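In what follows, a structure is listed as C-alpha cells, so that the remarks can point back to it.
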Amino acid sequence: MSAENSSPALNVEKSIVILLDVAGTTTSNTFLKDTLYSYVTKQAETFLKESWEEQEVKDAVKLIKDDLDQEAAIPLIKELTEKNSDNEGLKKVQGLIYKKGYKSGELKAHVFPDVAPALESWAKSRKIAIYSTGSLESQQLLFTHTTEGDVSAHISKYFDQSSGSKTESASYETISKELEVKPEEILFITDSVDEAKAAKTAGFTSVLITRDGNDALPEEASKNFPVISSFQDVVFDKSVKRKNEEESAPTEVRSNKSRKHK
C-alpha cells in the first residue's frame, strides 16, 4: 500500500471468498431509493389486493406485524418503505413486488460499471457471496436482471437478515460457518463503517468502498480500513504483490489516496 496511506498493509491473496454488500457497493443508493422503493410504493396496493391470499404474502406480512389486515398493511408497507426500514417482513414483501417488476421488464437493476467484469474475473478463482438486508429472492432477481445483463452465474451464495444483523459480528461468524471457510479467508467489501467493523471483529478482512451518491466516509475510517472506489482496486495477482514489495509498499488493494486524481 502506498506509504501515504495510513491503513495497514493488506494481503487479499489469501481470501478465497469475496463477500459483497449491495446498496452503495455494487448498486447505487439512488437506484434503490428512486427506482426500487418508488416502484414498491406505487405497486403495493395493487399487489396486495391481488395476492393477499397467497401464503408467502401472508407469511411476509405477519413478520411486519401480527394480525395486520389488508387495509392497514397497504399504508404501513408504503410508510416503512419510504423510511428505508430493514424490517424482515417488509423486505420479503418488497422482494415479491420486485419480482413482478423484473419479470415484466419494468425494472432493470443498476450495477456500477466495474461490477460485472470484476465478478466474472473473481469467479474464476474465488467464490463470490452477497450479504444484504434485502430478501434472498430480491438479491437473486437484482443480479439476474441488471443493466449489464445477467451476472448471477458468478455468485455462489446469498445471505440476508436470517443470518443476523449486518452490524453484529455474530452474523459474520454465522456466514463463515455456513460457507465452511475460515473468517480470515473472507474479504468483505462494503460502504458501511459499522458493517466493516462488525466483519473485522469476526475475523474477516474488511474493505470500505466509496461510490457516487454515497455519504462521505468519516475521516477516521481510512485509518482503520483500506478504502477503494472501484472493484478494479482489488488485485489478487501475485506479480502485483511482488512489484509492490519491491517498491516497499506491499498490498493487493490500491488506496484512493495513492491514485492520481483526474
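The values are calculated or read from the model by the stated rules, or taken from the named source; none is laboratory data. Treat the numbers as computed from the prediction; the structure is a model and nothing was measured. Methodologically, a virtual Cβ is constructed for each residue, glycine included, from the backbone with ideal geometry; neighbour enumeration extends over all protein chains shown.
Per-residue answers, yes or no, for (1) under 30 Å from residue 177 (Cβ atoms); (2) touching a Leu at 6+ places or on another chain (Cβ under 6 Å):
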site: 33; (1), (2): no, no
site: 44; (1), (2): no, no
site: 51; (1), (2): no, no
site: 65; (1), (2): no, no
site: 94; (1), (2): yes, no
site: 101; (1), (2): no, yes
site: 121; (1), (2): yes, no
Is it true that some residue in region 153-171 is crowded, with 22+ Cβ neighbours inside 10 Å, out of contact with any Asp or Glu (no Cβ under 7 Å at 6 or more places or on another chain) and over 30 Å from residue 100 (Cα atoms)? no
From the list 142, 119, which residue is more than 26 Å from residue 90 (Cα to Cα) and either of a type outside the set (Lys, Arg) or surrounded by 22 or more Cβ atoms within 10 Å (Cβ to Cβ) (or both)? 119
Residues of region 110-136 being closer than 30 Å to residue 42 by Cβ, without any contact (Cβ under 8 Å) to a residue 60 or more places away in the chain and aliphatic (A, V, I, L, M), which ones? 116, 136
Filtered residues of region 110-167 (kept if among the charged types (D, E, K, R) and farther than 13 Å from residue 22 by Cβ): 114, 120, 124, 126, 127, 137, 148, 150, 157
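Residue by residue, here is whether (1) touching a residue at least 40 places away in the same chain (Cβ under 8 Å); (2) crowded, with 20+ Cβ neighbours inside 10 Å holds:
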{"site": "53", "(1), (2)": "no, no"}
{"site": "59", "(1), (2)": "no, no"}
{"site": "66", "(1), (2)": "no, no"}
{"site": "75", "(1), (2)": "no, no"}
{"site": "82", "(1), (2)": "yes, no"}
{"site": "90", "(1), (2)": "no, yes"}
{"site": "99", "(1), (2)": "yes, no"}
{"site": "105", "(1), (2)": "no, no"}
{"site": "108", "(1), (2)": "no, no"}
For the list (1) in contact with a helix residue (DSSP H, G or I) (Cβ under 8 Å, 6 or more places away or on another chain); (2) at pLDDT 95 or above; (3) surrounded by 18 or more Cβ atoms within 10 Å (Cβ to Cβ); (4) not acidic (Asp, Glu), I need the number of the one condition that residue 135 fails. (2)
Just wondering, is there one or more residues in region 24-32 that are more than 17 Å from residue 227 (Cα to Cα), of a type in the set (S, T, N, Q) and exposed (fewer than 14 other Cβ atoms within 10 Å of the Cβ)? no
Please count how many residues of region 158-216 are among the small types (Gly, Ala, Ser), out of contact with any Pro (no Cβ under 9 Å at 6 or more places or on another chain) and without any contact (Cβ under 8 Å) to a residue 60 or more places away in the chain. 9
Could you list, in sequence order, all residues of region 78-107 that are part of a loop (DSSP other than H, G, I, E, B), at pLDDT 95 or above and either in contact with a strand residue (DSSP E or B) (Cβ under 9 Å, 6 or more places away or on another chain) or of a type in the set (Asp, Glu) (or both)? 106
Given the conditions (1) farther than 21 Å from residue 132 by Cβ; (2) not in a helix (DSSP H, G or I), and given that residue 75 satisfies all but one, which numbered condition is not satisfied? (2)
